[in-house]
1. For segment 8-85, which trypsin sites (Lys or Arg not before Pro) are in a loop by DSSP, counting at most 16 other Cβ atoms within 10 Å?
2. Dipole magnitude of segment 38-81 about its Cα centre, charges +1 at Lys/Arg Cβ and -1 at Asp/Glu Cβ only, in debye to the nearest 20?
3. Tally Lys and Arg at +1 and Asp and Glu at -1 over the other residues with C-beta under 10 Å from the C-beta of residue 93: what net charge comes out?
4. What residues qualify as long-range amide H neighbours of residue 165, i.e. H under 5 Å apart, gap of 5 or more or another chain, H built at 1.01 Å from N?
5. Taking the Cβ of residue 163 as the centre, find all other residues whose Cβ is under 9 Å away and add up their charges (Lys, Arg: +1; Asp, Glu: -1).
6. When all C-alpha to C-alpha distances in segment 190-274 are sorted into bins of 10 Å, what percent of pairs does each bin hold, rounded to whole numbers?
7. Could you give me the ³J(HN,Hα) list for segment 50-65, computed from phi with Karplus coefficients 6.51, -1.76, 1.60 and θ = phi - 60°, whole Hz, x at Gly and Pro?
8. Please work out the C-alpha center-to-center distance from segment 217-294 to segment 5-69 and express it in whole Å.
Amino acid sequence: MNEPVQCYTRVGIVHFMAYPECMGGEGPVIETLMKVIEDPFFDVVEMAPAADPAVRREVARRVSEARVELSVGAQPVQLARGLDLNHADSQERERAVSAVRECIDHAAEMGAHSVMVMSGKACPDREEALTRLIGSISALCEHAAARGLRLVLETFDQAPFGKNCLIGPTSDAACVADAVRGAHPDFGLAIDLSHLPLQEEVPEYAVRTAGIWLAHAHIGNCAMDDPAHEAYGDQHPRFGAAGTRNDAAELTEFLRALLHCGYLSRERRGIVSFEVRPMRGESPEAVIAGSKRTLIAAWRDV
């Protein structure tokens, strides 16, 4: 493709993965945010809910002045607290819904446009669990809509060495979206190139199956062949790292699928966000720069 990738997409980055010291909503949130939003390569930044109200207000001010779109990820909160939106116990499920409601409130204070969530754990009673998840997601969509936010559900793996989530296969995610979208038409799905090898799905299938519900895309990498690998499982190492699955060729395949389905287009410019985490001894800024070079190289071959 000869035209710049930004003609077809809004490029984003998952801030709390590039700077994992901020994953808990604390740490050098503003200092690291500024490194991202001062780079005109990025139109979107994805952050964890900031713990401090003053920091939330500062985030809102900074993303507005930089003219950057903000999305907030509730996943770090869900994982840290063991929150399960499809838990069989109603009290545990309500605990999860209540915590994500608070994430949505914090996202609104931060000036976000959307909030991303994940399902709970995979479990034997799959059909019942999907029904429970649909109920939780519907309640959260209502809460998000009241605050002018869009709710997005991200697909994960069901591998025991990964996140082992109910959602899970893109086909199940599409079933959830189909059930939720009738009452909440703004609800959408996110798929992640990092997760596809762990999900045993290829880009064309995942993109086609997500279909009209596709609202967000992540790009990154995973390691799943050697349990001794530092980034084994769903840890988002940089593209092309030794012993990992995704590099420029795999990213090209994913971008082609997104282009063919219309998610990437001059009219839509769907979001494609890097989700990469520095490994031991690596520089976040160098990993980000390498990711940008990988995207540019992959786009040339689309």
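1. Numbers: sites: 10, 35, 56, 57, 61, 62, 67, 81; in loops: 67.
Taking segment 8-85 and a limit of 16 other Cβ atoms within 10 Å, the loop trypsin sites (Lys or Arg not before Pro) found are 67.
2. Details: 6 positive and 8 negative charges, 57 e Å.
Dipole of segment 38-81, to the nearest 20 debye: 280 debye.
3. Details: positive: 95, 132; negative: 84, 89, 92, 94.
Charge balance in the 10 Å sphere: -2.
4. Distant-sequence amide H within range of residue 165: 122, 157, 158, 159.
5. Numbers: positive: 121; negative: 157, 234.
Net of charged neighbours comes to -1.
6. Reading upward from the zero bin: 19, 51, 24, 6, 0.
7. Running phi through 6.51 cos²θ - 1.76 cosθ + 1.60 with θ = phi - 60° gives 6, 6, 8, x, 5, 5, 4, 5, 5, 4, 4, 5, 5, 5, 5, 5 Hz.
8. Each part's Cα centre sits 18 Å from the other's.
We did not get these values from a lab; they are worked out from the coordinates using the rules stated. Owing to the predicted nature of the structure, the values given are computational and were not obtained by experimental measurement. Note: ideal-geometry Cβ built from the backbone for every residue, glycine included; neighbour counts use all protein chains shown.
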